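Heads up, the thing below is written out as structure tokens.
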Amino acid sequence: MGDPLVSATEPEALVSALLARRQTVAIAESLTAGMASAAIGGMPGASEVMRGGLVVYATEAKASLAGVAEETLAQHGAVSAETAIELARGARKLLGADWGLGLTGVAGPDEQEGKPVGTAFVGIAGPGRESVLELSVPGPRWDVRVAVSRRAFAALVVEVDGQQV
């Protein structure tokens, strides 16, 4: 039996794309609580592409560990596009990676900061480019976390593959 987390989140294309470019990724995770990092870690070749990950579940950890500005958190909240991109930038800088991935959102069962369950933001920071993906994912906690990890990997593949050579 293979790794069920790898099967659920599908990090294969991301690891392949990073290996092909000899690039690395670092992740700052809130919503997914380490799931995305663990999924990449379940792949052969992970040691060549994964610089590390930060689980920054608490709002204050987003600031103290991942470098999200306290002003950003106060003005936009922990579940926002602004926080997601700052998580990505912080992971990239702190861990010395080519790419940073920031994941934040609401897994449930209750809304957070007035945002409904299933709201998520994926921040991507890389060489000369940044983007944020806003998602609305229905379902229970596990389904939300898995879907956000899968969509984050797919979005990062597009960014990695879209680089100018």
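The values are calculated or read from the model by the stated rules, or taken from the named source; none is laboratory data. Worth saying up front: this structure is predicted, and the values here are computed from it rather than measured. With ideal geometry, Cβ positions are generated from the backbone for all residues, glycine too; neighbour counts draw on all protein chains shown. Ligands, DNA and RNA are excluded from the accessible area calculation, which covers all protein heavy atoms including side chains. Shrake-Rupley method; radii C 1.70, N 1.55, O 1.52, S 1.80 Å.
Using the crude model of +1 on Lys and Arg Cβ and -1 on Asp and Glu Cβ, and no other charge, please compute the dipole size for the chain relative to its Cα centre, in debye to 20.
Value, rounded to 20: 360 debye.
Need one word for region 32-112: rounded, prolate or oblate. Basis is the Cα gyration tensor (sqrt eigenvalues a ≥ b ≥ c); a/c below 1.5 gives rounded, then a/b vs b/c decides.
oblate
Using a cut-off of 11 Å between beta-carbons, work out the net charge of the residues near LEU19 (Lys and Arg +1, Asp and Glu -1, LEU19 not included).
That sum, taken over residues with Cβ under 11 Å, equals 0.
For the chain, with every protein chain kept in place, what is the accessible area per residue (1.4 Å probe, Å²)?
Roughly 46 Å² per residue, with all protein chains present.
Determine the share of the chain's accessible area contributed by carbon and sulfur atoms, expressed in whole percent, with a 1.4 angstrom probe.
Whole-percent figure for carbon plus sulfur exposure: 51.
For region 1-66, would you read off the P(r) tail past 15 Å as a percentage of all alpha carbon pairs?
So the pairs more than 15 Å apart make up 52 percent of the total in region 1-66.
For the peptides 132-139, 18-25, what is the packing order when you average, over each peptide's residues, the other Cβ atoms within 10 Å and list the highest mean first?
Taking the mean over residues of other Cβ atoms within 10 Å, the ranking is 18-25, 132-139.
Please report the net charge: other residues with Cβ closer than 13 Å to the Cβ of LEU87, K and R +1, D and E -1.
0
Using only C-alpha atoms and all pairs of different ones, pull out the Kirkwood radius for region 75-165 in Å with one decimal.
Evaluated on region 75-165, it is 13.3 Å.
What number results when the radius of gyration of region 1-159, computed over Cα atoms, is divided by 2.2 N^0.38 Å?
Relative to the rule-of-thumb radius for its length, region 1-159 sits at 0.94.
Compute the signed sum of charges (Lys and Arg +1, Asp and Glu -1) over the other residues within less than 13 Å, Cβ to Cβ, of GLU48.
The answer is +2.
Along the charge dipole of region 106-152, Cβ charges K/R +1 and D/E -1, which of VAL137, PRO127, GLY108 sits furthest on the positive end?
PRO127
What's the magnitude of the charge dipole for region 117-161 around its Cα centre, counting Lys and Arg as +1 and Asp and Glu as -1 at the beta-carbon? Answer in Debye, nearest 20.
About 200 debye.
Identify, among GLY96, ALA84, LEU31, the residue whose Cα sits farthest towards the positive end of the charge dipole of the chain, taking +1 on the Cβ of Lys and Arg and -1 on the Cβ of Asp and Glu, with the dipole about the Cα centre.
GLY96
Need one number: % antiparallel among DSSP beta bridges in the chain, to the nearest 5.
Counting DSSP beta bridges with both partners in the chain, the antiparallel share is about 60 percent.
Among GLY118, GLY45, GLY34, which one moves the most in a GNM of the chain with springs linking Cα atoms closer than 10 Å?
Highest fluctuation of the listed residues: GLY45.
About the Cα centre of region 1-70, how large is the charge dipole given +1 on each Lys and Arg Cβ and -1 on each Asp and Glu Cβ? Please answer in debye to the nearest 20.
Around 220 debye, computed over region 1-70.
Go ahead and estimate [θ] at 222 nm for the chain from helices alone: -39,500 (n - 2.57) per DSSP H run with n ≥ 4, summed, over the residue count, rounded to 500.
-13500 deg cm²/dmol
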